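Quick notes on the structure that follows.
The values are calculated or read from the model by the stated rules, or taken from the named source; none is laboratory data. Note that the structure is a prediction, hence the values are computed from the model and not measured. Please note: Cβ atoms are built from the backbone with ideal geometry, for glycine as well, and neighbour counts cover all protein chains shown. Please note that ligands, DNA and RNA were not included when accessible areas were found on the heavy atoms of the full protein model with its side chains. Shrake-Rupley method; radii C 1.70, N 1.55, O 1.52, S 1.80 Å.
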Amino acid sequence: MKPKVTMIAWNQNDNYVVTAVNNHLLKVWNSCTGQLLHDLVGHADEVFVLETHPFDSRIMLSAGHDGNIFIWDITKGTKTKHYFNMIEGQGHGAVFDCKFSPDGQHFACTDSHGHLLIFGFGCSRPYEKIPDQMFFHTDYRPLIRDSNNYVLDEQTQQAPHLMPPPFLVDVDGNPHPTKYQRLVPGRENCADEHLIPQLGYVATSDGEVVEQVIGQQTVDQDDQGLEPSILDGMIRQLQLQQDQRIGADQESASTVPQNGEGTPRRG
């Protein structure tokens, strides 16, 4: 097998360069002389994550498709900590990305099974206030492209990043209580009636009827005679209000007197 570099990272003070090779080795190099200093052995599959510590120049984190997460002392070429991402009943989960917190006391990883893994010091109590399963109700809604090749949400005909904040649901599409909905940026100060999405019953392709957030219905479902989505109507209304507010702001900005006198009225 011809060796290929899959990832490269500089350490915090740029004295070392670490490369991940497709033979599952990590190599530590002197960045000034190009001298090979250490071969780091431990991974059993390709590594696509190399993350340097934010202030400790000795520390480098690596993670790969083998489910292994290592913290290395690259000055000594030794392992400091090791974690294996075993998932009960499903084998291991490949680790796709890792990042340190700014203070270097925590790091978070995401895996192939949709899990967010948080490592660090202290207790996990601050993280217990959120449910185990969190998805946006719009995560699996179909997208289309318009005549300009821009991506739009199929139901609302809006660019996804301009749509109002979505609702939080579990893996089956059931909405979480209002206290969790307020965790979504943009919904912190919403009225209670805007935090309770409507539930509906939708038939799947195999004839099974499942309960889900009505806002997940597609245009095809509307064409089939299903009831119109109350949630989508609310989203369209919020989008219309947002568009009107932006238009009013632009109109008021255009009425500012050139001499600086007077105060323009807002629309």
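Structure values in brief
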{"read-out": "Single residue of Lys81, Lys76, Lys27 found to be exposed (fewer than 13 other Cβ atoms within 10 Å of the Cβ) and assigned to a strand (DSSP E or B)", "value": "Lys81"}
{"read-out": "Segment 51-65, residues that are open to solvent by less than 50 Å² (accessible area, probe 1.4 Å) and in a loop (DSSP other than H, G, I, E, B)", "value": "His53, Asp56, Ser57"}
{"read-out": "Residue within segment 118-126 that is assigned by the TED database to the domain that holds Leu61 and in contact (Cβ under 8 Å) with a residue 24 or more places away in the chain present", "value": "yes"}
{"read-out": "Failed criterion for Tyr140 (all others in (1) open to solvent by 90 Å² or more (accessible area, probe 1.4 Å); (2) under 25 Å from Ile246 (Cβ atoms) hold)", "value": "(2)"}
{"read-out": "All positions within segment 11-40 that are among the hydrophobic types (A, V, I, L, M, F, W, C) and out of contact with any strand residue (DSSP E or B) (no Cβ under 8 Å at 6 or more places or on another chain)", "value": "Cys32"}
{"read-out": "One residue from Lys129, Lys99 being open to solvent by 80 Å² or more (accessible area, probe 1.4 Å), out of contact with any His (no Cβ under 9 Å at 6 or more places or on another chain) and within 21 Å of Met7 (Cβ to Cβ)", "value": "Lys99"}
{"read-out": "Flag for Ala20 being assigned to a strand (DSSP E or B) and either without any contact (Cβ under 8 Å) to a residue 60 or more places away in the chain or touching a Gly at 6+ places or on another chain (Cβ under 6 Å) (or both)", "value": "yes"}
{"read-out": "Any chance Phe48 is within 20 Å of Tyr16 (Cα to Cα) and crowded, with 17+ Cβ neighbours inside 10 Å", "value": "no"}
{"read-out": "Residues being closer than 30 Å to Asn148 by Cα and open to solvent by 50 Å² or more (accessible area, probe 1.4 Å) - total across segment 159-178", "value": "3"}
{"read-out": "Condition check for Pro131: over 23 Å from Phe96 (Cβ atoms) and either touching a strand residue (DSSP E or B) at 6+ places or on another chain (Cβ under 9 Å) or acidic (Asp, Glu) (or both)", "value": "no"}
{"read-out": "Scan of segment 144-200 for residues that are assigned to a helix (DSSP H, G or I) and over 15 Å from Ile130 (Cα atoms), ordered by number", "value": "Pro160, His161, Leu162, Asp192, Glu193, His194"}
